[in-house]
Amino acid sequence: MSSIIIINEPPSSSKTWNALRIAAALLGNDEQLEVFFMNDGVFNILENQKPPKEIEGQATCSKIKDLVNIGAKVFYCSQCVETRGITEAQIASVVEKSNLIELAKKIQMSSKVVSM
């Protein structure tokens, strides 16, 4: 089976952290998984995150790298990044550039879609 998780929320959102935890659980159950960041979710893919001390263990970029290392494919919406003034140099190298047309194709190919 294949799944896609679409993340729209910024790094400070509990929805984002829970989506990344769900992603790890799916990968642990031999699920093929893609994660797509769009809207304010693209702030999660920034390389040099510095979360507050009380949640410093929840740096989303580090979690994304862990997911890639265990088999996830991770993408971001290029238009969402451009709109927010984010440069490609700021983005973690494990995350691939994509767009909404590609997202639509991924949705069509997936057996499950989760949006958070």
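Computed from the coordinates by the stated procedures, all read-outs in this text should not be read as laboratory data. Keep in mind the model is a prediction, meaning the values are calculated, not measured. For neighbour counting, all protein chains shown are included, and Cβ atoms are generated from backbone atoms with ideal geometry for every residue, glycine included.
For the chain, what is the percent of antiparallel DSSP beta bridges, rounded to the nearest 5?
Working: 1 of 18 bridges.
About 5 percent, rounded to the nearest 5.
In percent, how large is the relative contact order of the chain, given Cα pairs closer than 8 Å and 6 or more residues apart?
Working: 191 pairs, mean separation 42.4, N = 116.
Across the chain, relative contact order equals 37 percent.
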(message) Whole-Hz ³J(HN,Hα) for each residue in region 35-51, computed from phi via Karplus 6.51 cos²θ - 1.76 cosθ + 1.60 with θ = phi - 60°, x for glycine and proline: what do you get?
(response) 10, 10, 9, 9, 6, 5, x, 5, 5, 5, 8, 6, 5, 9, 6, 9, x
(request) With a ≥ b ≥ c taken as the square roots of the eigenvalues of the C-alpha gyration tensor of the chain, please select rounded if a/c is under 1.5 and otherwise prolate if a/b is larger than b/c or oblate if it is not? (result) oblate
(request) Please build a GNM for the chain, connecting alpha carbons under 10 Å apart, and tell me which residue among 89, 19, 72 fluctuates the most. (result) 89
(message) Please list 3J(HN,Hα) in residue order for region 10-21, calculated via the Karplus relation 6.51 cos²θ - 1.76 cosθ + 1.60 where θ = phi - 60°; whole Hz, with x for glycine and proline.
(response) x, x, 6, 7, 5, 4, 5, 4, 5, 4, 5, 5
(message) Could you check the spin-label model distance between residue 105 and residue 50? Points 7 Å from the Cα along Cα→Cβ, value in nm.
(response) 4.0
(request) Starting from the Cα of residue 83, move 7 Å in the Cα-to-Cβ direction to define the label point; list residues of region 29-54 whose amide nitrogen is under 12 Å from there. (result) 38-42
(message) Cut-off under 20 Å on the C-alpha distance; same-chain residues fewer than 8 positions from residue 53 excluded. Which lysines are left, in chain and number order?
(response) 15, 63
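For a protection proxy built on the mean count of beta-carbon atoms within 10 angstrom, sort 44-51, 80-87 highest first, please. Provide the component values of the computation, followed by the final result.
Numbers: 44-51: 16.2, 80-87: 13.4.
Peptide ranking by packing, descending: 44-51, 80-87.
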(message) Quick one: 3J(HN,Hα) in Hz for region 73-78, Karplus 6.51/-1.76/1.60 with θ = phi - 60°, rounded, Gly and Pro as x.
(response) 10, 10, 9, 9, 7, 5
(message) Under the rule of at least 5 residues apart or a separate chain, name every residue whose amide H is placed under 5 Å from the amide H of residue 35.
(response) 5, 73, 74, 75
